[in-house]
Amino acid sequence: MLALSTVDTRAGLAEELASRHGWEVVTHPASALAAVEVPNPSPRVAAHTGTPSVAESAALLTARTAASKPLPGRSTAPPPAGSTAPPPAGSAAPPSAGSAAPPSAGSAAPPSAGSTASPPAGSTASPPAGSTAPPPAGSAASALAGSAATVPGRPDVPPPAQTLVTTTSLDGPAVLVVARRSSAVATLAVAAVAPEVTVVGIGADGLESVSPAGRAAIAEATVVFGSGRQLDLAAVTAKRVEWPSPLVPALPRLLAEHHADRVVVLASGDPTYYGIGSTLVRLLGAAHVHVVPHPSSVSLACARLGWAQDDVEVVSAVGRSVDALRRVLHNGRRVLVLSSGTATPPSVAAILAETGFGDSTVTVLESLGGPDERIHHDVTAAGPLNVVAVDCRGSGAALTPGLADDTYSSDGQLTKREIRAVTLAALGPRPGELLWDVGAGSGSIAIEWLRAHRSCRAVAVERDPVRAERVTANARTLGVPHLSTVVGAAPGALDGLAPSEAAPDAVFIGGGFTAAGVFERCWSALRPGGRLVVNAVTVASERLVAELHETHGGSLTRIAVQRAAPVGGFLAWRPMMPVTQWVVWK
């Protein structure tokens, strides 16, 4: 038996869809939905429903029901809604809660009801099964109700029993296989039962240095995931599953396919240090991931070099751009680069030469802890398993906001350093926060936001494709290659952002402020407690700032900067265009 979970202001619609396919209807109280940690929480949904997610939460809760309580007649837990495991012959596997995608030709899986509708905020129970009260006009349920009639029916299947599930005690492992917005009114979320996972750290010497707990886990596993090299080093006799590429997008489906197995994942070194262990915890939750650590390559490298591990900068080039190294280059600092292969050491040397750090000492440490361990200084002769150590000699860029204007490549669309420093102070970057830089120009505001802390995130929106390319190039040069650049004019360009980028903590509007809908779109997306900063230069933008200030409050500051410049044989003050800065907190 498979289960369809839905939360809707019209439970009768869910009943109608479920009866056509012989599904069980499972209802979850809003309080249980609000307690579920989801990858893509939505402040908008939370403001309207009291829970940061409907589709994702309901999908995970339904899958956890199957994981925690096997359904009758099955010796093992059945695949949940959305599981990638094939259903028994003749069965129809439906999508999980919140599915809004129409079925493919011949498919019996319809969209679910009300994937974005929910009970009123603060409600502790969903509407009674079989309720016929119509949804409010314009609601997601109303929009979806019309599509139900197009779903191929199965009148031969009797209506299912209604089941109210208390979800607060359900803690079986589950994973989101699909989580995306499928239309303006619906979100597609497919969850599946997942296994408990043990992650075992392994070194270049194979099982020799693996702890007894790690060896026991490998010996008892029915399935072991890892790279081909890791699986060989561990002498795996159980079923072997080599990692696909790209890895992270494939993880949910791999876990769902092996939900009934004893799963061990092999990881290089310490699994939670730039490793697969952290990714699995984000997917499954810490309660369902047991980590057996091993010394990391960073600890081994520091031991060989005699460096204090707590005083070393670490940059990972595994699945990331090595240009992030540029941000941490400062005279006298020590940096370890976690290499992605033989190409990383030459790339590190090229960056050092380009940034004025060519006199730095570069050490390549290969196969640390293994029988083929080697330490040398030839970046062109590095093996595939290496760490690059850099003892920096040079002069790096300052970390405080307000870098020199000539640091950036620009066609003149650049927030000048004095104004930029004041603007970054008003935006106030904090670790992990997301910035929207709307009308990015050369990208200086977003770039210096990212330089404030390695966990900061930013989206730069620029309508001009040439300038957008320049934004990306400036970000790479200044060591923040993870800046997300969107080409297009606001507000339309903001509609296609990924869920992780859709709710900013801060917004800076540098260009296009007077365009229709730009402020309204940015303000509605801003998280509660977030701040929005506008730098107005033209009369039209100042007029709009004054009007919005009357409505929303905030602070107004007039900034006038003059720089000394030669006039004949003398120095005189040349004024820059004054800026009216509006800062408002939501």
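The values are calculated or read from the model by the stated rules, or taken from the named source; none is laboratory data. Note that the structure is a prediction, hence the values are computed from the model and not measured. Don't worry about glycine lacking a Cβ; one is built from the backbone with ideal geometry, like all the others, and counts go over all protein chains shown. Surface areas here come from the heavy atoms of the whole protein model, side chains and all, with no ligands, DNA or RNA. Shrake-Rupley method; radii C 1.70, N 1.55, O 1.52, S 1.80 Å.
Looking only at region 433-479, which residues are touching a residue at least 60 places away in the same chain (Cβ under 8 Å) and among the charged types (D, E, K, R)? Within region 433-479, GLU433, ASP437, ARG451, ARG454, ARG470, ARG476 qualify.
Among the residues of region 577-586, those identified as at pLDDT 95 or above and hydrophobic (A, V, I, L, M, F, W, C) are VAL579, TRP582, VAL583, VAL584, TRP585. Checking SER367, SER409 one by one, the residue that is in contact (Cβ under 8 Å) with a residue 24 or more places away in the chain, open to solvent by 40 Å² or more (accessible area, probe 1.4 Å) and of a type in the set (Ser, Thr, Tyr) is SER409 and no other. Of all residues in region 298-317, none satisfies being buried (at least 19 other Cβ atoms within 10 Å of the Cβ) and touching a Pro at 6+ places or on another chain (Cβ under 6 Å). Taking the criterion of being surrounded by 22 or more Cβ atoms within 10 Å (Cβ to Cβ) and either over 16 Å from ALA191 (Cβ atoms) or at pLDDT 75 or above (or both), the residues of region 1-14 that qualify are ASP8, THR9, ARG10, ALA11, LEU13, ALA14. A single member of ARG543, ARG521 is among the basic types (Lys, Arg), over 30 Å from the mean Cα position of the chain (by Cα) and at negative phi, and it is ARG543. Would a scan of region 200-219 turn up a residue that is closer than 19 Å to TYR274 by Cβ, touching an Asp or Glu at 6+ places or on another chain (Cβ under 6 Å), of a type outside the set (Lys, Arg) and surrounded by 12 or more Cβ atoms within 10 Å (Cβ to Cβ)? Yes, region 200-219 contains a residue that is closer than 19 Å to TYR274 by Cβ, touching an Asp or Glu at 6+ places or on another chain (Cβ under 6 Å), of a type outside the set (Lys, Arg) and surrounded by 12 or more Cβ atoms within 10 Å (Cβ to Cβ).
Scanning region 25-35 for residues that are open to solvent by 10 Å² or more (accessible area, probe 1.4 Å) and part of a loop (DSSP other than H, G, I, E, B) yields PRO29, ALA35. Annotation note: of ARG320, ARG417, ARG334, ARG327, the sole residue that is within 25 Å of ASP505 (Cβ to Cβ), open to solvent by 50 Å² or more (accessible area, probe 1.4 Å) and in contact with a helix residue (DSSP H, G or I) (Cβ under 8 Å, 6 or more places away or on another chain) is ARG417. Note on region 537-577: residues that are in contact (Cβ under 8 Å) with a residue 40 or more places away in the chain and either aromatic (Phe, Trp, Tyr) or open to solvent by less than 60 Å² (accessible area, probe 1.4 Å) (or both) amount to 3. Close Cβ contacts (under 7 Å, 6 or more residues apart or on different chains) running from residues in region 219-237 that are farther than 10 Å from VAL265 by Cα and in contact (Cβ under 8 Å) with a residue 40 or more places away in the chain to residues that are open to solvent by 10 Å² or more (accessible area, probe 1.4 Å) and not in a helix (DSSP H, G or I) comprise GLU220/ARG262; THR222/ALA238; THR222/LYS239; THR222/ASP261; THR222/ARG262.
When residues in region 550-570 are screened for being farther than 18 Å from LEU427 by Cβ and not basic (Lys, Arg), 12 of them pass. No other residue among ALA425, ALA458, ALA489 is among the hydrophobic types (A, V, I, L, M, F, W, C), open to solvent by 10 Å² or more (accessible area, probe 1.4 Å) and not in a loop (DSSP other than H, G, I, E, B) apart from ALA425. The requirement of being open to solvent by 20 Å² or more (accessible area, probe 1.4 Å), more than 30 Å from THR400 (Cα to Cα) and in a loop (DSSP other than H, G, I, E, B) is not satisfied by GLY383. Does region 529-536 contain any residue that is open to solvent by 40 Å² or more (accessible area, probe 1.4 Å), in contact (Cβ under 8 Å) with a residue 24 or more places away in the chain and either in contact with a helix residue (DSSP H, G or I) (Cβ under 7 Å, 6 or more places away or on another chain) or on the phi < 0 side of the Ramachandran plot (or both)? Within region 529-536, none of the residues are open to solvent by 40 Å² or more (accessible area, probe 1.4 Å), in contact (Cβ under 8 Å) with a residue 24 or more places away in the chain and either in contact with a helix residue (DSSP H, G or I) (Cβ under 7 Å, 6 or more places away or on another chain) or on the phi < 0 side of the Ramachandran plot (or both).
Of all residue pairs spaced 6 or more apart or on separate chains, those with beta-carbon atoms under 6 Å, a first member in region 240-256 that is of a type in the set (Phe, Trp, Tyr) and a second member that is assigned to a loop (DSSP other than H, G, I, E, B) are TRP243/SER227. Here is the figure for region 341-364: residues that are touching a helix residue (DSSP H, G or I) at 6+ places or on another chain (Cβ under 7 Å) and open to solvent by 20 Å² or more (accessible area, probe 1.4 Å) total 6. If we scan region 334-354, do we find a residue that is farther than 30 Å from GLY172 by Cβ, in a helix (DSSP H, G or I), of a type in the set (Asp, Glu) and in contact with a Pro (Cβ under 6 Å, 6 or more places away or on another chain)? No, region 334-354 has no match at all.
Table: residues versus (1) surrounded by 20 or more Cβ atoms within 10 Å (Cβ to Cβ); (2) touching a residue at least 40 places away in the same chain (Cβ under 8 Å).
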{"residue": "PRO481", "(1), (2)": "no, yes"}
{"residue": "THR485", "(1), (2)": "yes, yes"}
{"residue": "ASP495", "(1), (2)": "no, no"}
{"residue": "PRO499", "(1), (2)": "no, yes"}
{"residue": "VAL507", "(1), (2)": "yes, yes"}
{"residue": "GLY510", "(1), (2)": "yes, yes"}
{"residue": "ALA516", "(1), (2)": "no, no"}
{"residue": "PHE519", "(1), (2)": "yes, no"}
{"residue": "ARG527", "(1), (2)": "no, yes"}
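Elements of the type helices (runs of 4 or more DSSP H) sitting completely within region 198-293 and holding at least 3 residues that are within 30 Å of the chain's Cα centre (by Cα): these cover 228-233, 251-257, 276-284.
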